[in-house]
Amino acid sequence: MDKLKNLGFSIGIFACLFKIMSWAGANILLIIGLSLLGLYFLIKVFIKNK
């Protein structure tokens, strides 16, 4: 679970860097990173810690 969160955050940070530098691919990186974070939080809500 933490790997999913860390991957989402790292892709999101790279996407912000790409946006600031106006490099190609920033939009798709933002979509992927935020989707991974959204998926992580959805899983976190529906699966309770044991």
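Please treat every number below as a calculation from the coordinates, not as lab data. All values reported here derive from a predicted model rather than from experimental measurement. Here the Cβ is made from the backbone with ideal geometry for all residues, glycine too, and neighbour counts use every protein chain on show.
For the reader, a short list of remarks on this structure follows.
- Near pairs, Cβ below 7 angstrom, 6+ apart or cross-chain, from the range 14-32 (within 22 Å of Leu4 (Cβ to Cβ)) to any residue that is among the hydroxyl-bearing types (Ser, Thr, Tyr): none
This table checks each residue for (1) under 8 Å from the mean Cα position of the chain (by Cα); (2) among the small types (Gly, Ala, Ser).
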{"residue": "Lys5", "(1), (2)": "yes, no"}
{"residue": "Ile13", "(1), (2)": "no, no"}
{"residue": "Ala24", "(1), (2)": "no, yes"}
{"residue": "Leu34", "(1), (2)": "yes, no"}
{"residue": "Gly38", "(1), (2)": "yes, yes"}
{"residue": "Leu42", "(1), (2)": "no, no"}
{"residue": "Phe46", "(1), (2)": "no, no"}
